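Visitor: Before anything else, here's the structure in question.
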Amino acid sequence: MISNFSSRVLQRLRHWANWRCKEPVVVFESDDWGLERKACAELLQPYGEPSEWAYEQTESEDDLEKLYNLLENHKDEDGRHPCFTANFVTANPDFEKIRQGGFTEYYDISINDQDKKLRSKWLEGMERMVFHPQFHARSHFWTAAWLRDLRENVPGARHLFYRTCCGGLSLLKQEEWRYHSEYIFWKTAEQMQERQLHDWLERGLAFFQDCFGYPSLSTIAPNYVFTPVTVQAWSDHGIKFIQGAGYRIVRGRNGEKRVISHVLGERLPGNLLSMVRNVKFDPRPQRRQHGFRNTFTWIKKLLPHHIPIMIDTHRINYVGAWKEKAFEELNSLLHALKPYHPRFLTTTELGQAILNHGTYTEIQSGKTRQLTPIDTPFQKTLRGYFQILERSHANIGPSKLR
């Protein structure tokens, strides 16, 4: 009973610690763009039940055009369209080089050097002010584990590889954690050496800048899995904002999952700012609880508290078999928001506003704009408390488990 009471109190304190502003801000954060995928459920069926991710496809020019058109049909009070903060995987496996090397070394190809027409369409979305790329990952999975499966000829691994099924056995429902994650191999808590991590990040971020022409200021770890070492490396390479950091998953001492919570505006190691997704919008058949109705219900609960609405959504909804329904649901959500007079921002704009007492620079126009913070000394003190709590949690991270 005491434990449950304490948990409720802590939850309430986290709620009050969030940074707030007078204006009803709405941010869409969307992951997995650029990741090479094709529907491969049939290939997977001999080895088990395919997960929903086995039906995902790489975005097409047509998919993007439909998304852009939909977003352009809506405007906020300032005449701005909703703009997806689109988090990109910046490289994909070079299957031919990996095969030639006998599965001993990982090779990849930058998204800048793959489909030039698709790259042009991403850049077009930026020009139309509805698509703002940021850095998600370089590979999205632990490449060494994938290569090991290929070398050991684990049933199904090479069959899927030769069909260029990116993700391989991890696209099975019972194997979704097989290659988790980019910054740590969950099964053993293995991490990259510090120099290797910096080289890996430097190249992945360079791929991003080569493609889009500017450095990424924010990131979100694949599957929300990262460590204090990762955070410091992000900071060293110019990242300022961590998306989706309302919670992160760490590996406990016995391999169990442990969840660490954060609040909007909290400072993490390396002085990075925690940006918290507080609403899920994944309107596909497997996630009915994340469709329009439930999403809008959560938004209406948050709006009176003046907490920026940060919407967690994924590319998979807007490509492939389920996209038409997803576009309908997104259109319904944007229509439903209109009476609340939202201000549509990107992650980096809101991050700037939190750091600069409400002031930010519009990514499209370069104009200086202002939000009206509602940030009391009590809220700041609470965030300081959670920052101290975060440091104490650092000692349970995977880097301490070897």
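Visitor: So what is log10(I(q)/I(0)) for the range 21-400 at q = 0.10 1/Å, when the Debye sum runs over its Cα atoms only?
Guide: -0.64
Visitor: Now for a separate question. To the nearest 0.05, how large is the calculated FRET efficiency for K116 and S235 if R₀ is 22 Å and r is the Cβ-Cβ distance?
Guide: Result of the calculation: an efficiency of 0.10.
Visitor: Would you mind telling me the antiparallel percentage of the DSSP bridges in the chain, rounded to 5?
Guide: Numbers: 16 of 43 bridges.
Antiparallel: roughly 35 percent of the beta bridges in the chain.
Visitor: Can you compute the charge dipole magnitude of the range 21-400 about its Cα centre, using +1 on each Lys and Arg Cβ and -1 on each Asp and Glu Cβ, nothing else charged? Give it in debye, rounded to the nearest 20.
Guide: Its charge dipole is roughly 1060 debye.
Visitor: Moving on. Pick out, from L345, Q387, F281, the residue whose Cα sits farthest towards the positive end of the charge dipole of the chain, with +1 on the Cβ of Lys and Arg and -1 on the Cβ of Asp and Glu.
Guide: The one lying farthest along the dipole's positive direction is Q387.
Visitor: Further question on the same structure: Using the 2.2 N^0.38 Å rule of thumb for compact globular proteins, work out how the range 182-326 stacks up: its C-alpha Rg over that value, please. Mind showing how you got there, number by number?
Guide: On the way: Rg = 17.1 Å, N = 145, 2.2 N^0.38 = 14.6 Å.
Taking the Cα Rg and dividing by 2.2 N^0.38 Å, one obtains 1.17.
Visitor: If you don't mind, there's one more thing I want to ask. Just L264, L330, L197 to compare: in a GNM of the chain, with alpha carbon springs under 10 Å, which one fluctuates most?
Guide: Comparing L264, L330, L197 in the GNM, the peak value goes to L197.
Visitor: Straight-line reach from K257: which aspartates and glutamates have a Cα under 19 Å away, not including same-chain ones fewer than 8 places off?
Guide: E175, E176, E182, E190, E390
Visitor: Spit out the partnerless Cys residues in the chain, using Cβ distances under 4.7 Å as the pairing rule.
Guide: If one checks each Cβ against the other cysteines of the chain, C21, C83, C166, C211 turn up with nothing under 4.7 Å.
Visitor: Counting only other residues whose beta carbon sits under 12 Å from that of W142, what net charge do I get with K and R as +1, D and E as -1? Could the numbers behind the result be given before it?
Guide: Values: positive: R138, R148, R178, K187; negative: D149, E182, E190.
Local net charge: +1.
Visitor: Another question about this same structure. What is the calculated FRET efficiency for K75 to I388, with r their C-beta to C-beta distance and R₀ = 45 Å, to the nearest 0.05?
Guide: So the FRET efficiency works out to roughly 0.60.
Visitor: With a sphere of radius 14 Å drawn around the Cβ of T219, what net charge do the other residues whose Cβ falls strictly inside it have (Lys, Arg +1; Asp, Glu -1)?
Guide: So the environment of T219 carries a net charge of -2.
Visitor: For K22, give me every one of the lysines with a C-alpha distance below 28 angstrom, ignoring sequence neighbours fewer than eight places off in its own chain.
Guide: Within the straight-line limit of under 28 Å, K22 reaches these lysines: K75, K240, K280, K300, K301, K338, K367, K380.
Visitor: What is the ratio of the Cα radius of gyration of the range 79-148 to 2.2 N^0.38 Å, where N is its residue count, to two decimals? Could you put the intermediate results ahead of the total?
Guide: Working: Rg = 15.6 Å, N = 70, 2.2 N^0.38 = 11.1 Å.
In units of the globular-protein estimate, the range 79-148 measures up at 1.41.
Visitor: Still on this structure: Indicate the gyration tensor shape class of the range 250-311 (rounded, prolate or oblate), computed on the Cα atoms with a ≥ b ≥ c the square roots of the eigenvalues: a/c under 1.5 is rounded; otherwise a/b larger than b/c is prolate and the rest oblate.
Guide: Values: a/c = 2.91, a/b = 1.30, b/c = 2.25.
Cα axes put the range 250-311 in the oblate bin.
Visitor: Same structure again: List the lysines whose Cα sits under 29 Å from the Cα of K97, skipping any in the same chain fewer than 8 residues away.
Guide: K38, K116, K117, K121, K173, K187
Just so you know, all these numbers are worked out from the coordinates, no wet-lab data involved. Predicted model only: the values in this text are computed from it and were never measured. With ideal geometry, Cβ positions are generated from the backbone for all residues, glycine too; neighbour counts draw on all protein chains shown.
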